[in-house]
Amino acid sequence: MTLVQSRLPRLNGNNLLIILLILSGISSCASSKITSSKQVETVVIQKKNTETVAINTKKKEDSITINPSSFDLDDNLNKNITTNIKSTTYTNQNLTSDINRIYNIAIILPFNLNQISLGQYADDTTKQLKPDAKNAVEFYLGCQLAKEKFDNSDLKANVYFLDDNNDSTTLSQLFNQKPFPNVDYLLGPLNFKNLKQLATYANKTQTTLISPFANSMYIANNPYYFNATPSLIQQYTYALNQIHTKFPNQSIDVLYDALDSTAESINILKKLVSNNQHQLKVKYTSVQASSNAAKLIATADTLSNKTILIYSSKDTYIKSVVAKLKPSKNKLDIFTSANARFIKALSDNKNPHSVYTVYPFNNDNSNYEAFASKFEEKYNKKPSEIAAQAFDILTHLLNTIDKKQTLQNNIYQYSTDFNNVHTKFRFEPVLDNEKNVDFYDNSFLYLFKNVNGSFVLETPN
């Protein structure tokens, strides 16, 4: 399992107060219509008692509210649900049934508002948001920019942001509040906490769930669950195909730790190899992190190149094995999972071997540059991968709805992801032994090669 790490800048006390006041409007199942947004100099939040709270924004270091848009957050808990929305739960299989109806998207994030006392923060406070809440805010801001792209479209959709407090009891309570049960799509959670519970609800109610980062490969019999970030199943499928493309005549030495009870079962990889369309020659060798990996794969032939696939999602294991392979007399091409992407000092200038990693995100493109520029101009901070992923997922989803398509229809992948900034979405079914859909996994990945101690894009997708 892989949860992409984020590197978020710190927020100062003034930012925290502004964010919390924004979130106070979000916490009560606030909705934002796609068709409403205008530039203002203050953040305006409509609260439950119809009191309007306006906060003057001043440009300062790390401020996230420089020239913000009005979020138009309405608290409609005590109002009737829009009459255009039918009383039944919709799935993405019947998008074309009513072209005039409004679609509801519920985004469930760990804002953790119950741990924060509003109004207790002075300008000079040094108290910071907890990591989960920071990440939730990053995701929220990325969604805001995605919604803006549809301001002038005819798309009718409500986007609801809900706080699950990273708690299963709170999540259960949300299912009994607006906008439930009239929800067409679910986005969340950000990590593995509450993932199983949310996936179970999605399957029971036949509501499409997109998991942004928590990419489980152990979901079974749930055709309503979608991994937005490729799981290890797709990572190793992609790695095997890249190995065949780049080194078609070489056999593959798979290194894994059979004695690690917490590691992924090697049977998962063996199944992928047996189902691969190419006739791959694979040798499996159990190697502990402390073992002499170079000695274990040594052969009499020291002149030919060898291809190595390290089967592990643990960065410590990957780093140790790569280091142990350095003395090998054969020239090695080493492939790893996405967890190797940000391992420091994974390879150095004196390492004679090539190290590759698969990874779903790439920021070296014009779309990302435009997105980052707009994000920094609006929030006076650089976007994290979480913000970029939020933008891409919501943009893809809204485009899919607008085109009356389904998420698993990849024919329209180019047009729905034309504006994406760091990844794309090709949802492929993961099947059980009876060929039934267990879940849908994003198969879109990039290949990076370690050059002088850092990874650079090797093969553009």
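Rule-based calculations on the coordinates, nothing more; no lab input. What you see is a predicted model, and the numbers here were worked out from it, not measured in a lab. In this analysis, Cβ positions are derived from the backbone assuming ideal geometry, glycine residues included, and neighbour counts consider all displayed protein chains.
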- [ ] Would you mind counting up the charge near residue 449? Only other residues with Cβ under 13 Å from its Cβ, with Lys and Arg at +1 and Asp and Glu at -1.
- [x] 0
Task: Listed residues 297, 394, 309: farthest to the positive end of the dipole of the stretch 277-419 (Cβ charges) - done: 297
Open item on the list: Tell me which trypsin sites (Lys or Arg not before Pro) from the stretch 289-388 have a DSSP coil assignment and no more than 14 other beta carbons within 10 Å of their own.
Closed with: 329, 331, 344, 350
Task: Long-range HN-HN contacts of residue 451 with modeled amide H, under 5 Å - done: 456
Task: Amide hydrogen neighbours beyond the local backbone of residue 334, cut-off 5 Å, H modeled - done: 308, 354, 355, 356
Task: the stretch 139-156 - phi-based ³J(HN,Hα) in whole Hz, Karplus 6.51/-1.76/1.60, Gly and Pro as x - done: 5, 4, 5, x, 5, 4, 5, 5, 5, 4, 5, 10, 4, 9, 8, 8, 5, 10
Task: With 5 Å bins from 0: P(r) over the stretch 357-407, alpha-carbon pairs, percent - done: 5, 17, 23, 21, 17, 12, 5, 0
TODO: Given the peptides 184-195, 237-248, 403-414, arrange them by the average over their residues of other C-beta atoms within 10 Å, most packed first.
DONE: 184-195, 237-248, 403-414
TODO: Would you mind calculating the gained length between residue 204 and residue 251 on full extension (0.36 nm times residue separation, minus the Cα-Cα distance), in nm to one decimal?
DONE: 12.5 nm
Task: Karplus 3J(HN,Hα) series, Hz, for the stretch 366-372 with 6.51 cos²θ - 1.76 cosθ + 1.60 (x for Gly, Pro) - done: 5, 4, 5, 4, 5, 4, 5
Open item on the list: Less than 11 Å Cβ to Cβ from residue 363, Lys/Arg counted +1 and Asp/Glu -1: what total charge do the surrounding residues give?
Closed with: -2
- [ ] Using per-residue counts of other Cβ atoms within 10 Å, averaged over each peptide, order 357-363, 154-160 from highest down.
- [x] 357-363, 154-160
Task: Note, ³J(HN,Hα) from phi for the stretch 219-235, Karplus 6.51, -1.76, 1.60, rounded to Hz, x at Gly and Pro - done: 5, 10, 6, 9, x, 9, 9, 10, 7, 7, 9, x, 6, 4, 4, 6, 4
Open item on the list: Let me check I've understood the local charge: for residue 113, count other residues with C-beta under 13 angstrom from its C-beta, Lys and Arg +1, Asp and Glu -1. What total comes out?
Closed with: -3
Open item on the list: If you average the C-alpha positions of the stretch 177-220 and of the stretch 432-461 separately, how far apart do those two centres end up, in angstrom?
Closed with: 23 Å
